[in-house]
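Enquirer: Starting off with a structure, shown below.
The values are calculated or read from the model by the stated rules, or taken from the named source; none is laboratory data. In this text the structure is predicted, and so the values were computed from the model without any measurement. Note that we place each Cβ from the backbone using ideal geometry, even for glycine, and neighbour counts take in every protein chain shown.
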């Protein structure tokens, strides 16, 4: 149970939402085992607990992870806007 209640607008980015694992897999193009391995090695955002047997990832943390991957590649010519478009598409 949560010890405090978050009010709308109290989040740093009000556009943030919680993504379930299948959404994250679709957005980043990785499967569950790879995502969990990357989390164990501190290369991927950790999920937040939603319930006893469920977790979700903060959409802005996933966006930032993708943007960092794009920024780290040599000769980057893809805009971060592509990432935002992919997240919007996945949320439909």
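Enquirer: Of all residues in the range 35-46 being assigned to a helix (DSSP H, G or I) and farther than 16 Å from residue 64 by Cβ, which is nearest to the chain's Cα centre (by Cα)?
Expert: 36
Enquirer: If a residue must be over 20 Å from residue 16 (Cα atoms) and touching a helix residue (DSSP H, G or I) at 6+ places or on another chain (Cβ under 9 Å), how many such residues does the range 39-76 contain?
Expert: 3
Enquirer: Take residue 16 and tell me if it is in contact with a helix residue (DSSP H, G or I) (Cβ under 9 Å, 6 or more places away or on another chain), at pLDDT below 95 and part of a loop (DSSP other than H, G, I, E, B).
Expert: For residue 16, the condition - in contact with a helix residue (DSSP H, G or I) (Cβ under 9 Å, 6 or more places away or on another chain), at pLDDT below 95 and part of a loop (DSSP other than H, G, I, E, B) - is met.
Enquirer: Applying the selection to the range 21-34, what residues are more than 18 Å from residue 70 (Cβ to Cβ), in contact with a helix residue (DSSP H, G or I) (Cβ under 8 Å, 6 or more places away or on another chain) and assigned to a helix (DSSP H, G or I)?
Expert: Result: 21, 23, 25, 32.
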